[in-house]
Amino acid sequence: MKSSLAALAAGYCIDLIVGDPHGLPHPVIFIGKLISLCEKLLRKVFSAGKRGERAAGLVLWILVASVSTLVPWGLLKLLDRLHPLAAFGAETLMCWQILATRSLRDESMKVYLALQTGDLNASRKAVSMIVGRDTDRLDEQGVTRAAVETVAENTSDGIVAPMVFLALGGAPAGFFYKAVNTMDSMIGYIDPPYTHLGFVAAKMDDVMNYLPARLSALLMLAAGGFLGMNVNNGKKVFLRDRYNHASPNSAQTESVCAGLLGLQLAGDAWYGGVLHKKSFIGDPLRPIEAEDIPRACRLLYVTSFLSLLLCCGARLLLTVFL
């Protein structure tokens, strides 16, 4: 376990330095292909309709989660037999690929740089790469709001939550989480054709993120204190608005971010040409501005560092006393 924690720390540092280089094969791509393959096969095996599709979704979830966990576990076991350093090196690379601190910052800052040029179409295109909503209707404030919300939400999904799983069970547990999260991203929708097939994926993602999302919110509040932000307002908005989202987890960090920055986030959004009514998160103490994107990124970085310290420290204590 100490080796896994060292790999986590090393992988985190590599992620901060290198990020996610374009052109390098990413394990999530293979997880996504596995999900698509299982979906095609299972739709043929199980009958259409609520019961058949939910059964298919359950089998899909078990298959994808199992393969995504067992493959890295088996690879690390094999490499450990060859030499412990080989296993350590491989696990370090796995941790690097599981974490997404630098890439989340880089992609959101592309939106910021596009906004700086005043080119609204370029800004919409940049933000469309990191959000699932329709972006063709967004004005500058809408583009900025979408980017800030994504940074806030993915601080949990992309950094803190996978870090918790990595600390608990090494890279295999980290890939288990990434599989759960990727299944939710691909098929965990309430709209057809995934209303029933994606039911298990959506619910299991809620379960796996329940505690990490709340931990992320508390760590983000602490990060806001280190950065001199309005922690009292962050706490107030968190306690009031943390459930102002269809997901029980997504508004946890969004509410903290909104309060710390003094912004109003969320609200109605278009997805696939359909308007989805959403509650607001936070108060419009001031208009949102492009500079709020780098502010959210600073929150992201400090939160990720606090998470690393907490996860590694807690795991070491458990190792000593258990």
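We did not get these values from a lab; they are worked out from the coordinates using the rules stated. Being a predicted model, the structure only gives us computed values, none of them experimental. Here Cβ is always computed from backbone atoms with ideal geometry, including for glycine, and neighbour counts include all displayed protein chains.
Computed over neighbours whose Cβ is under 14 Å from that of residue 229, the net charge equals +3, Lys and Arg +1, Asp and Glu -1.
In the range 15-142, the convex hull through the Cα atoms has an average projected area of 11.4 nm², a quarter of its surface area. I'm spelling it out carefully: the read-out is semi-axes √(5λ) of the Cα gyration tensor in Å, the candidates are (1) 42, 19, 17; (2) 31, 26, 18; (3) 45, 18, 17, and one was derived from this structure. Which label? Here semi-axes √(5λ) of the Cα gyration tensor in Å agrees with entry (2). Please get the size of the charge dipole for the chain, origin at its Cα centre, with Cβ charges of +1 on Lys and Arg and -1 on Asp and Glu, quoted in debye to the nearest 20. Value, rounded to 20: 780 debye. Annotation: amide H-H contacts under 5 Å for residue 271 (H modelled 1.01 Å from N, sequence separation of 5 or more, or interchain): 134, 276. Distance between the C-alpha centers of the range 92-169 and the range 283-322? Whole Å please. After rounding, the separation between the Cα centres reads 15 Å.
Rounded to the nearest 20, the size of the Cβ-charge dipole of the range 139-240 about its Cα centre is 460 debye, with Lys and Arg at +1 and Asp and Glu at -1. Among 279, 265, 321, whose Cα sits farthest toward the positive end of the charge dipole of the range 205-322 (+1 at Cβ of Lys/Arg, -1 at Cβ of Asp/Glu, about the Cα centre)? Positive-most Cα among the choices belongs to 321.
Our analysis of the range 150-251 gives Rg over Rh at 1.02, with the two radii drawn from alpha carbon positions and Rh computed by the Kirkwood formula.
Pairwise Cα separations in the range 1-66 fall into 5 Å bins from 0 onward with the following percentages, short to long: 4, 15, 16, 13, 12, 12, 10, 9, 8, 2. Given their separation in residues at 0.36 nm each and the Cα-Cα distance between them, residue 77 and residue 140 gain 17.7 nm when the chain is fully extended.
Divide the volume of the convex hull around the Cα atoms of the range 73-199 by the residue count and you get 122 Å³ per residue.
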